[in-house]
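Notes follow the structure.
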Amino acid sequence: MKFLLFLFLLTGLVAADPPGHNVHLVIKGEQGNTMWRGGGPRRDTMQALQAAAQESGRPITLIDLRHPPFADDLRGGGGRLTPAGEEKAARELGLRYRSISALDKNLIAILDEALQQGDVYIHCMYGVNRTGFAVGRYATARDLKVDRKKMGERDWNQGVNFQRSLMRQGSAGAPNSN
């Protein structure tokens with residue numbers, strides 16, 4: 001058994017623990033690029049993401065789904081950074097930052113581009129509703145199976161249905177539409 005675990009680690013089939021507080025693995029791509037999801041990052045989460053970027057040698061793009069921000073997003077409760085605070089911290093730490101709505105028709109292309117450049121941390125305030133919706137959209141557009149633990153079931157289903165509707169209309173995000 002230890003030999004099998006060693007082989008998995010050697011070949012990269014076991015992903016490293018996600019960096020930071022309230023961060024969960026979504027996908028690990030063929031080139032090793034990773035998408036994590038979670039809630040609005042705290043300063044220590046940002047520092048853990050920076051360390052992960054330095055260790056992997058790949059940049060990390062933060063996809064902030066708090067666009068437009070709700071009042072709760074602007075308060076930054078529980079030590080979470082506000083959108084403006086996150087953007088500033090990302091600049092200071094050398095991380096990429098992108099604020100976008102989970103409803104944006106270009107979300108799939110933006111995620112694809114960010115994953116081609118490196119790793120992605122996608123989040124809203126709590127990592128459930130808007131994030132579940134957006135990850136549901138991405139999984140549908142790219143025909144991926146992802147771990148849905150701690151994601152809002154209703155929001156996941158709405159994201160899946162929203163993306164299917166866009167794909168039926170021939171809008172952005174359909175397979176091979178890059």
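The values are calculated or read from the model by the stated rules, or taken from the named source; none is laboratory data. As the structure is a prediction and not an experimental result, all values here were calculated from the model. Note that each Cβ is placed from the backbone with ideal geometry, even for glycine, and that neighbours are counted across all protein chains shown.
What to note about this one:
- Test: residue in segment 128-140 that is farther than 26 Å from residue 46 by Cβ and either surrounded by 14 or more Cβ atoms within 10 Å (Cβ to Cβ) or among the hydroxyl-bearing types (Ser, Thr, Tyr) (or both): yes
- Some residue of segment 71-83 being within 15 Å of the chain's Cα centre (by Cα), in contact (Cβ under 8 Å) with a residue 24 or more places away in the chain and surrounded by 15 or more Cβ atoms within 10 Å (Cβ to Cβ): no
- Yes/no for residue 73 being under 24 Å from residue 136 (Cα atoms), modelled with pLDDT under 95 and not hydrophobic (A, V, I, L, M, F, W, C): yes
- Residue list for segment 87-117, filter: farther than 26 Å from residue 31 by Cβ and crowded, with 19+ Cβ neighbours inside 10 Å: 89
- When residue 161 is tested against (1) out of contact with any helix residue (DSSP H, G or I) (no Cβ under 7 Å at 6 or more places or on another chain); (2) part of a loop (DSSP other than H, G, I, E, B); (3) not acidic (Asp, Glu), exactly one condition is not met: (2).
- Flag for residue 163 being at negative phi and out of contact with any Phe, Trp or Tyr (no Cβ under 9 Å at 6 or more places or on another chain): no
- Enumeration of residues in segment 94-130 that are part of a helix (DSSP H, G or I), over 26 Å from residue 57 (Cα atoms) and under 12 Å from the mean Cα position of the chain (by Cα): 130
- Here is the figure for segment 1-60: residues that are modelled with pLDDT under 75 and either in a strand (DSSP E or B) or in contact with a Ser or Thr (Cβ under 9 Å, 6 or more places away or on another chain) (or both) total 7.
- Across segment 146-155, the qualifying residues are those that are in contact with a helix residue (DSSP H, G or I) (Cβ under 7 Å, 6 or more places away or on another chain) and closer than 24 Å to residue 60 by Cα, and the one among them that is surrounded by the fewest Cβ atoms within 10 Å (Cβ to Cβ) is 148.
- Residue within segment 137-156 that is in contact with a strand residue (DSSP E or B) (Cβ under 9 Å, 6 or more places away or on another chain) and not in a loop (DSSP other than H, G, I, E, B) present: yes
- Note on segment 51-70: among residues that are touching a strand residue (DSSP E or B) at 6+ places or on another chain (Cβ under 9 Å) and over 26 Å from residue 106 (Cα atoms), the one that is surrounded by the most Cβ atoms within 10 Å (Cβ to Cβ) is 52.
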